[in-house]
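Below is one structure; the comments refer to it alone.
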Amino acid sequence: MKRRQAEGRAGRVRAGWRSLLLAAGGLIAGCGLAGLVADGSPAVAQQELTIIQGKKKVWPAPSDQQRFWHEPNTQLPLDQAAALFKRSHPACLTPENYNAVLLANAVEVKLDPKKPKKDELRFQTIWYQKNGDGEGKTTYKLKLEPVTQLELWYVPDVEAMLPRNLTLHWCVKLFAGSVYVFCFDAEKAARDFMDATASVLAATGRKLTMPSYGIYVDNLTPEQAEDLGQTRVEYVLVLSVAIDGPADKAGIRALDVIQQINGIPMRNSSQFSSLNIPPGSKFPVVLLRRAEIPGKEPKQYTWETKTLELVAR
């Protein structure tokens, strides 16, 4: 799918993060796929210098990577889920070897009622090494037991990740202890894969964990705290916002600084992660948003306080 199609689909795209080539010890090494790392946080962003109240400080730079909110359908019958898998032909990146690309000709569901821990997806693939050192055929098996979460991303530039498959921009990140990535040429194919996976998990007594708000956050750096006029490091910085997710619908943007959620001061990202607000609850979010000061050259910025209403999911 061409990039302009995705841009039309995502008219309210929020700033995400620029992709970096992850080191050998990182997940998706050399892939350039922002956001796909083991702990569920976006990769470390490239940085830009901005001027805030006349002082130069470091803040993250925006990216064209796009994460989409998708609550998978868990009600598909097993035969319908199996049919969706058979029609899917993803390019697969697996944690055993991120330098190899597996191209699935067929995906099958294998369930063992007597030994459910052996339940798995089987990918009949051809594969190639990104550096051109080899290619061949293999059957790859993915256990269903550890699968906990799925995410949908659109990646405009996949050349470093998929050097022979440059049209597969729609990527599903699957958490199963490690991170697996499945890339498709169409958004519907990626969403169908998510629905089929979620339905198989539900049918076998398993369920996915859905993020409550559709955002990634991180702690502020000391330099960022100083730009906010703080004498100590607190609050949390919004790294990315899932398109059409609860935070996106509430108006939260990447690079907002969250001060309070439901009246609770946010001291750090660990406190944010431990929030337990019942689904469907509406609650206020108090945040700071960077705003340009009119008529200043070079550009200067200040921070505005905003209160938004968020609905927990």
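The table below lists the values:
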item: Quarter of Cα convex hull surface for the stretch 94-159, i.e. mean projection, nm²; result: 5.7 nm²
item: Highest to lowest packing among 149-157, 282-290, scored as the average C-beta count within 10 Å; result: 149-157, 282-290
item: Distance cut-off 14 Å, percentage of C-alpha pairs in the stretch 220-272 lying past it; result: 55 percent
item: Debye intensity ratio I(q)/I(0), log10, the stretch 72-203, q values 0.09, 0.15, 0.16, 0.17 Å⁻¹ (C-alpha model); result: -0.24, -0.67, -0.76, -0.87
item: Stretch gain in nm, segment ASP185-GLU71, where the contour uses 0.36 nm per residue and the Cα spacing is subtracted; result: 39.0 nm
item: Gain in span if fully extended, GLU223 to ASP79, counting 0.36 nm per residue against the direct Cα distance; result: 46.4 nm
item: Bins of 10 Å, starting at 0 and running to the largest distance - Cα pair percent for the stretch 173-231; result: 16, 32, 23, 14, 13, 1
item: The stretch 235-313, Rg to Rh (Cα coordinates; Rh as Kirkwood inverse mean 1/r); result: 1.02
item: Percentage relative contact order, the stretch 92-244, counting C-alpha pairs under 8 Å, at least six apart; result: 15 percent
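The numbers here are math on the coordinates, done by the rules we state, and not lab data. Owing to the predicted nature of the structure, the values given are computational and were not obtained by experimental measurement. Neighbour counts run over all protein chains shown; Cβ positions are idealised from the backbone, glycine included.
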